[in-house]
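J.: Have a look at this one before I ask anything.
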């Protein structure tokens, strides 16, 4: 290890990840399903076939721009998605894209348009679904007034925006990110973001930075005792000289990064 971990829950998370069946346990929080293909309706497929048969480039492009995925990766497609009127003003671009689509043919167009969603795009709702299962052992509500009116241990599990608004209004939260977790245990409030970091670098490092910036954000004064935590899982707990492990090794004792698997233990320790 690059330096001694000063936060108990971060150390527990590292121990869990490196000494026990971490991934097996984590699958209960983030179950990765078989990626189902995106749906392209029968009517849409029929219209695509007709546009191909008539070599109607404009109509074919218009139909495909309405789909979740455009079958060609091309830098000009995003512009056309945002300004459909540009189709009529740019005949050379339309002819170029249309020619590529005609060359692909119906089967390949449908195959590319219905490509499954990436696994990392399915992860977002899984943490909140796991919280909703009741695994944390406290009542759950998605109603802010119900949560605020109770004095008992309770979890507020609503949309990111609703949770952010609640935290701003009642808990002194003053950061530009939505929240994945809000709870009250032993008359203390706990708020934070949850992330599953599946690899090193790029987008995953940005996800880590998002959660950390939330954890380190300063609260405005409020009448409540509030903890901001980062509920992180994945490769960050693998010891080494990589950016994520070195970052969690450098956090202060008061900066809590922990695995979702340990969240219940943490809450009941307060």
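J.: Calculate the FRET efficiency for residue 222 and residue 49 from the Cβ-Cβ distance with a Förster distance of 45 Å, rounded to the nearest 0.05.
T.: Computed FRET efficiency for residue 222 and residue 49: 0.15.
J.: Separation of the stretch 147-212 and the stretch 73-132 by C-alpha centroid, Å?
T.: 32
J.: Restricting to the chain, compute how many DSSP beta bridges are antiparallel as a %, nearest 5.
T.: In the chain, DSSP labels about 35 percent of beta bridges as antiparallel.
J.: Hey, another quick one. Where does helix 8-19 land angle-wise versus the long Cα axis of the chain, in degrees 0 to 90, nearest 10?
T.: It is inclined by approximately 60 degrees.
J.: Between residue 66 and residue 242, what is the spin-label point distance in nm, taking each point 7 Å from the Cα along the Cα→C-beta axis?
T.: Result: 4.4 nm between the two label points.
J.: Okay, moving on. What distance in nm separates the two pseudo spin-label positions at residue 264 and residue 132, each 7 Å out from Cα along the beta-carbon direction?
T.: 1.9
J.: State the antiparallel share, in %, of DSSP beta bridges confined to the stretch 76-216, rounding to the nearest 5.
T.: Numbers: 8 of 10 bridges.
Approximately 80 percent, going by the DSSP bridge assignments.
J.: Give the label of the value calculated from the structure for Cα extents along the principal axes in Å, choosing from [x] 73, 69, 32; [y] 69, 45, 30; [z] 96, 45, 42.
T.: Recomputing Cα extents along the principal axes in Å here gives the entry labelled [y].
J.: Based on alpha-carbon atoms only, what is the radius of gyration of the stretch 219-270 relative to the globular estimate 2.2 N^0.38 Å?
T.: Normalised Rg, Cα atoms only: 1.34.
J.: On to the next question. Given the Cα-Cα distance of residue 81 and residue 37 and 0.36 nm per residue of separation, how much length would full extension add, in nm?
T.: That works out to 13.7 nm of additional length.
J.: Sticking with this one: If each DSSP helix of 4+ residues adds -39,500 (n - 2.57) and the sum is divided by the residues in the chain, what number results at 222 nm, nearest 500 deg cm²/dmol? Intermediate values should be presented prior to the final figure.
T.: Details: 13 runs with 124 residues, N = 270.
About -13500 deg cm²/dmol.
J.: So, one more: For an R0 of 41 angstrom, estimate the FRET efficiency from the Cβ-Cβ distance between residue 141 and residue 250 and round to the nearest 0.05.
T.: It comes to 0.65.
Since every read-out is calculated from the coordinates, none of them should be taken as a lab result. Note that the structure is predicted; figures quoted are calculated from it, not measured. In this analysis, Cβ positions are derived from the backbone assuming ideal geometry, glycine residues included, and neighbour counts consider all displayed protein chains.
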